[in-house]
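K.L.:
Before anything else, here's the structure in question.
Any read-out appearing in this document is the output of simple, stated calculations on the displayed coordinates, not a laboratory observation. If you're wondering where the values come from, they're calculated on a predicted model, not measured in any experiment.
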Amino acid sequence: MIGPHGSPAKLISNHEGFPVAVSRNVLSVVIAALQAAWQIICANPDTHLAPPTEGNPEEDRYTDALCEILSYWLYNGSGPIGFTADVFESVERGLNLSNYSSTVINKQPDLVIRLANAPLVNARRYVGIFAETKVVSKKKSLTAYTKDGVARFIRGDYAWAMQDGVMIAYRKKPLREVSTLAVPLESDADLVVTPENDEHLIQSGLAIPAQGKSTHQRNWQYQKGGAPGTIRLWHLWAFDIP
């Protein structure tokens with residue numbers, strides 16, 4: 001992959017080292033950094049959150065604050081252990097990126113933490129931790145979380161060059177437990193979950209509380225050939241709104 005190219009989707013395939021897996025160590029570092037940033041926001045929301053105006057949707061206010069703190073840590077070098085510029089290249093919110101087929105080039109993942117993979121050139125915009133965020137509560141259906149969140153990873157809108165993606169739940173009172181996510185994951189055939197030990201939602205196995213993991217089939221093909229395989233989604237439900 002040499003020289004500028006306007007459509008990385010035409011270059012990426014499973015013969016070129018894709019989809020890229022994220023190590024559990026890197027995932028743990030990212031999740032720990034997100035949680036540390038959230039704690040700072042909760043300690044002083046008036047300082048860190050944009051005002052709740054009509055132009056500032058609730059979940060965007062939280063994600064924007066996370067992005068600002070993580071970006072500061074990355075460039076300042078003062079973040080949690082492991083969250084450094086030699087591992088991570090950038091933190092950005094709401095970028096316009098292509099889907100897997102280049103039929104839509106204005107997909108906007110809520111948060112992208114790019115990996116500093118030196119060998120990558122054309123595809124580096126698509127290699128990282130892609131996160132979608134939703135406000136969840138017992139007063140709200142999980143439809144937005146699944147149909148407008150999880151589904152975007154499955155159909156190749158987000159993280160289509162990756163084997164992992166992240167769903168962040170901002171929990172609003174009355175608090176909904178992550179275990180309730182198992183019901184739509186099992187009942188909605190469009191989410192094409194691959195059960196593990198007969199469970200559609202399992203504990204992540206990472207040393208971070210209040211989260212789960214689900215694995216989903218992706219039934220499409222790379223333009224250059226080959227199937228992307230499954231994607232693991234890590235559900236982070238430790239972000240309680242102050």
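K.L.:
Percent relative contact order of the stretch 78-191, based on C-alpha pairs within less than 8 angstrom and at least six residues apart?
P.N.:
Computed over the stretch 78-191, the figure is 23 percent.
K.L.:
Then there's this: What aspartates and glutamates does LYS10 reach when the alpha-carbon gap must be under 19 Å and sequence neighbours fewer than 8 apart in one chain are set aside?
P.N.:
Correct list for LYS10: ASP157.
K.L.:
If the limit is 23 Å between Cα atoms, which of LYS147/LYS213; LYS107/LYS172; LYS134/LYS173 go over it?
P.N.:
Table pairs above 23 Å Cα-Cα are LYS107/LYS172.
K.L.:
Quick check on the chain: of the DSSP beta bridges with both residues there, what percent are antiparallel, nearest 5%?
P.N.:
60 percent
K.L.:
I'd like the projected area of the stretch 66-150, averaged over all directions, using the convex hull of its alpha carbons. Report it in nm² with one decimal.
P.N.:
For the stretch 66-150, the mean projected area of the Cα convex hull comes to 7.1 nm².
K.L.:
To continue, here is another question. If you plug each phi of the stretch 216-232 into the Karplus form 6.51 cos²θ - 1.76 cosθ + 1.60 with θ = phi - 60°, what whole-Hz ³J(HN,Hα) values come out, in order, with x for Gly and Pro?
P.N.:
With the stated coefficients, the stretch 216-232 comes to 10, 6, 10, 9, 9, 10, 5, 4, 8, x, x, 8, x, x, 7, 10, 8 Hz.
K.L.:
Then there is this: Using amide H atoms built in the peptide plane, which far-off residues or other-chain residues are under 5 Å from ASP164 H to H?
P.N.:
VAL22, ARG232
K.L.:
How large is the Kirkwood hydrodynamic radius of the chain, counting all unique pairs of alpha carbons, in Å?
P.N.:
One decimal place: 18.3 Å for the Kirkwood radius.
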